[in-house]
1. Filter the range 237-284 down to the residues that are surrounded by 18 or more Cβ atoms within 10 Å (Cβ to Cβ) and touching a helix residue (DSSP H, G or I) at 6+ places or on another chain (Cβ under 6 Å) and list them by number.
2. In the range 235-266, how many residues are without any contact (Cβ under 8 Å) to a residue 40 or more places away in the chain and assigned to a strand (DSSP E or B)?
3. Here is a check on your reading of the model: is Leu289 closer than 19 Å to Val30 by Cβ, modelled with pLDDT of 95 or more, assigned to a helix (DSSP H, G or I) and not hydroxyl-bearing (Ser, Thr, Tyr)?
4. Output yes when any residue across the range 85-102 is modelled with pLDDT of 95 or more, part of a helix (DSSP H, G or I) and closer than 22 Å to Ile8 by Cβ, and no when none is.
5. Please find, among Arg173, Arg113, Arg78, the residue that is basic (Lys, Arg), in contact with a strand residue (DSSP E or B) (Cβ under 7 Å, 6 or more places away or on another chain) and within 29 Å of Ala292 (Cβ to Cβ).
6. Among the listed residues Val129, Val144, identify the single one that is at pLDDT 95 or above and more than 16 Å from the chain's Cα centre (by Cα).
Amino acid sequence: MRITRALIDPHALGANFEPGNAIAPGREFVGIVGASGSPGFEGKRVIAPSSVPCSACDLCRAGLSIHCRARSELGIGRDGAMAEKISLPVSSLIEIPKGLDDDRACFAPSLGRALHAADLVRLEGKPYVTILGDDPVALLSAQVMTQRNASVRVLGREPARFGLCEKWGVKHRHIDQVGRRADQDVVFVCSSTPGDLEIAMRLARPRATVLLVAPPSASNAPKELTTLGLLHASEIAIIGSRGERLADALRLLASDGVDVRSLLTAKYRFAQYAEAFARAARPDTLRVLLEAA
């Protein structure tokens, strides 16, 4: 497969990158399928999940291929989209609908993660939902949950990104300006900043749901006694979320149901990769797109 577009996630760069972490370079891309070994997909524009299952283990056979015991990960142990060409099984390929441009299609994995996490939450009435973080997955989660009749607010650390929330009519505050009143029905943890899990649990009401959308960082170990005490006393359900509903994401993108154009900070040619990575490392960056000439 020839890569035509690839997004750079700032969280996957430099000191932020950890082997085994669910965030790695080269996971958000659009490719054109070659002719070899890909019947029915030759020449088509496609995306693919970040995990490649073995299709043979007990979990794969049970329909839980996302938790495959022998899965490989793009950018970790196999080539990701920073390579000019990559090889993936045909079963992983998802065709991009006609009318959906490549730039927006690149955001399908981030949107897919937001949709997957949202589906793990049972909504009753108009629940209070806090999105902890301000990266693209957090901002897309805010859009998704707003569309599902929730009262949503984003708590972030980059004031420059709050303008996007205003554009979408989503409430927003700096995380340091909000009290910990234990009154939220659902908290999405889309940040791996040390201490954010404990903050999420202090925001959540008893028997609330905390969704770990961002992979925990090795440097983000919570204070065990405090965290476990809150977990026990408030009967909070912590749900891990690492799936990607890519087909649904593509349909939503194709219908222009969410705004991803605002999440693209800059575009570069692949030959300008050094400049692209330098731009991605800046704190005001959401996503940087690499494109073929």
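The values are calculated or read from the model by the stated rules, or taken from the named source; none is laboratory data. Keep in mind it's a predicted model, so treat the numbers as computed, not measured. Please note: Cβ atoms are built from the backbone with ideal geometry, for glycine as well, and neighbour counts cover all protein chains shown.
1. Passing the criteria: Ser241, Glu244, Arg245, Leu246, Ala249, Leu250, Leu253, Val258, Val260, Leu263, Tyr268, Ala280.
2. Adding up the residues that qualify gives 5.
3. Answer is no for this residue.
4. Checked the range 85-102: at least one residue is modelled with pLDDT of 95 or more, part of a helix (DSSP H, G or I) and closer than 22 Å to Ile8 by Cβ.
5. Working: Arg173 fails: within 29 Å of Ala292 (Cβ to Cβ); Arg113 fails: in contact with a strand residue (DSSP E or B) (Cβ under 7 Å, 6 or more places away or on another chain).
Being basic (Lys, Arg), in contact with a strand residue (DSSP E or B) (Cβ under 7 Å, 6 or more places away or on another chain) and within 29 Å of Ala292 (Cβ to Cβ) holds for just one of Arg173, Arg113, Arg78, which is Arg78.
6. Sole residue among the options that is at pLDDT 95 or above and more than 16 Å from the chain's Cα centre (by Cα): Val129.
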